[in-house]
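For reference, the structure discussed in these notes is given below.
The values are calculated or read from the model by the stated rules, or taken from the named source; none is laboratory data. This is a predicted model, so every value here is computed, not measured. Neighbour counts are summed over all protein chains in view; Cβ atoms, including those assigned to glycine, are modelled from backbone coordinates with ideal geometry. Just so you know, the surface numbers come from the protein's heavy atoms only, side chains and all, with ligands and any DNA or RNA stripped out. Shrake-Rupley method; radii C 1.70, N 1.55, O 1.52, S 1.80 Å.
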Amino acid sequence: MASDRRQAPAEDAVREQLRKEHERAQPEAAGEPAASEASAEDDSGQDQAPEPEAQAQAETEPEAETEPETEPEDALTTAERERDEYLALAQRTQADFENYRKRAAREAAAATQRAKSGLVGELLPVVDNLERALGSAGEGEEHLAEGVKLVHSELVSVLNRNGVEQFDPAGEKFDPAVHEALSTREQEGSDSGLVLDVIEKGYRLNGNVLRPARVVVSG
């Protein structure tokens, strides 16, 4: 019992000391959260401070340009536009057809000209032979010469009706564009370059030389 009484004051002293230390620790613990809250407020104030400046900058930035909205066409405007498009298409089609018609006409005329030139070219030797026959007809062959002359005249008329023209350059100045020199011959009293003899007459078809005249030229 005496031992229990001696230990009681010691325990009371220990409890008293622990209580005091606990009371001193409570104010320190209470001060730390206050300090942390103040620090947090300072940090938040620093973060929120630029907001007015950012807002002013955003207000000064120009607004993005917006494209003006196109109003829908009314029925009359649409009809007029389609009318103009169809009219332009019709005009282009007509112009293309007109060009095609002219081109086809030119090609047909050129084909006709080529066919005619080929046929006439084959008939010219026949005319030449008839002329030679007339030139070589002797006495007593007048009736034969008359028949040949009639055939020659009819054939030349057919050629003339189809645009074929005969030309005889005897005595003219030699022109290589319409004459073909087969030989040259010296002849007194004649200038150089004159057509002395015509071996075969020349022919033109619609103004173009179909066959040059074959001639002998003075040297």
* Asked: When the distances between all Cα atoms of segment 109-173 are binned every 10 Å from zero, what whole-number percent does each bin get?
  -> 18, 41, 29, 10, 2
* Structure fact -> Note to self: C-alpha centroids of segment 130-201 and segment 105-121 sit apart, in Å, by 26 Å
* Among 151, 119, 130, which residue has its Cα positioned farthest towards the positive end of the charge dipole of segment 118-162, with +1 placed on the Cβ of Lys and Arg, -1 on the Cβ of Asp and Glu, and the dipole taken about the Cα centre? -> 119
* Inter-label distance for residue 146 and residue 204, nm, one decimal - labels placed 7 Å from Cα along Cα-to-Cβ -> 3.5 nm
* Would you mind getting the accessible area per residue of segment 113-219, heavy atoms of the protein chains only, 1.4 Å probe, in Å²? => 62 Å²
* Cα-projected label distance for residue 115 with residue 173, points at 7 Å along beta-carbon direction, nm -> 4.1 nm
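Kindly rank 200-210, 145-155 from highest to lowest mean number of other beta carbons found within 10 Å of each residue.
Working: 200-210: 15.6, 145-155: 13.5.
Ranked from most to least packed, the peptides come out as 200-210, 145-155.
Full extension from residue 132 to residue 156: what is 0.36 nm times the residue separation minus their Cα-Cα distance, to one decimal in nm?
Numbers: separation 24, 0.36 × 24 = 8.64 nm, distance 1.45 nm.
The residue 132-residue 156 span can extend by a further 7.2 nm.
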* Give the accessible area for residue 191 in Å² (nearest 10); use a 1.4 Å probe, count only protein heavy atoms, and leave out ligands, DNA and RNA. => 110 Å²
* Can you give the convex hull volume per residue for the Cα atoms of segment 124-219, as a whole number of Å³? -> 100 Å³
* In whole percent, what relative contact order does segment 104-213 give with Cα contacts below 8 Å and a gap of six or more residues? -> 26 percent
* Leaving ligands, DNA and RNA out of it, report the carbon-plus-sulfur percent of the accessible area of segment 106-219 at a 1.4 Å probe. => 52 percent
* Asked: Using a Förster distance of 45 Å, how high is the FRET efficiency between residue 78 and residue 101, based on the Cβ-Cβ distance and rounded to 0.05?
  -> 0.85
* Structure fact -> Along segment 74-81, Karplus-curve 3J(HN,Hα) (6.51, -1.76, 1.60; θ = phi - 60°) to the nearest Hz, with x for Gly and Pro, reads 7, 5, 5, 4, 4, 5, 5, 5
